[in-house]
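S.K.: Once you've had a glance at the structure underneath, I'll fire off some questions.
The values are calculated or read from the model by the stated rules, or taken from the named source; none is laboratory data. Predicted model only: the values in this text are computed from it and were never measured. Glycine gets a Cβ as well: all are built from the backbone with ideal geometry, and neighbour counts include every protein chain shown. Just the protein is used for accessible areas: all its heavy atoms, side chains included, with ligands, DNA and RNA removed. Shrake-Rupley method; radii C 1.70, N 1.55, O 1.52, S 1.80 Å.
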Amino acid sequence: QVHLVESGGGLVQAGGSLRLSCVASGFTFSRYGMGWFRQAPGKERELIAAIKWSGGDTYYADSVKDRCTISRDDAENTVYLRMYSLISDDTAVYYCAAGHPFQITDTKRYEHWGQGTQVTVSS
């Protein structure tokens with residue numbers, strides 16, 4: 001059975017940083033592209049960062065570019081999202097997802113999803 005379990009969310013002060021983790025099981029993690037999405041109240045879910053199966057290529061949304069780093073550890077079946085200089089607009093539920101190994105910006109190609117972890121940025 002496929003599982004994606006996010007952790008690392010919580011309450012963070014504006015200007016702070018955090019690292020989200022997502023541990024995968026039930027599928028061959030190394031063959032999948034991985035993405036981090038977020039959904040703020042009243043807004044659509046958006047893809048903010050993604051990494052190809054090889055780990056060589058990454059994508060970042062403009063909203064988080066230069067404040068965010070995605071990485072993966074295939075030996076640990078884990079994908080990470082490190083965020084810096086957090087702002088109130090970063091408050092959202094953050095989800096990791098597994099999808100096409102190369103087409104990491106095609107949101108329709110993500111097959112497996114985690115339950116999400118809440119990140120709240122206080123000003």
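S.K.: Please go through segment 61-76 and pick out each residue that is surrounded by fewer than 19 Cβ atoms within 10 Å (Cβ to Cβ), part of a loop (DSSP other than H, G, I, E, B) and not acidic (D, E).
M.R.: A61, S63, K65, R67, A75
S.K.: Which condition from (1) within 15 Å of the chain's Cα centre (by Cα); (2) open to solvent by less than 40 Å² (accessible area, probe 1.4 Å); (3) within 15 Å of T117 (Cβ to Cβ); (4) touching a residue at least 60 places away in the same chain (Cβ under 8 Å) is the one that F29 breaks?
M.R.: Going through (1) within 15 Å of the chain's Cα centre (by Cα); (2) open to solvent by less than 40 Å² (accessible area, probe 1.4 Å); (3) within 15 Å of T117 (Cβ to Cβ); (4) touching a residue at least 60 places away in the same chain (Cβ under 8 Å) one by one, F29 breaks only (3).
S.K.: Could you list, in sequence order, all residues of segment 38-60 that are in a loop (DSSP other than H, G, I, E, B), touching a residue at least 12 places away in the same chain (Cβ under 8 Å) and acidic (D, E)?
M.R.: Selection gives D57 alone.
S.K.: Residue by residue through segment 90-103, note down the ones that are within 22 Å of S7 (Cβ to Cβ) and either touching a helix residue (DSSP H, G or I) at 6+ places or on another chain (Cβ under 7 Å) or open to solvent by 10 Å² or more (accessible area, probe 1.4 Å) (or both).
M.R.: Within segment 90-103, T91, V93, Y95, G99 qualify.
S.K.: Still on this structure: Give R45, R38 a once-over and let me know the one that is in contact with a Lys or Arg (Cβ under 9 Å, 6 or more places away or on another chain), open to solvent by less than 70 Å² (accessible area, probe 1.4 Å) and among the basic types (K, R).
M.R.: R38
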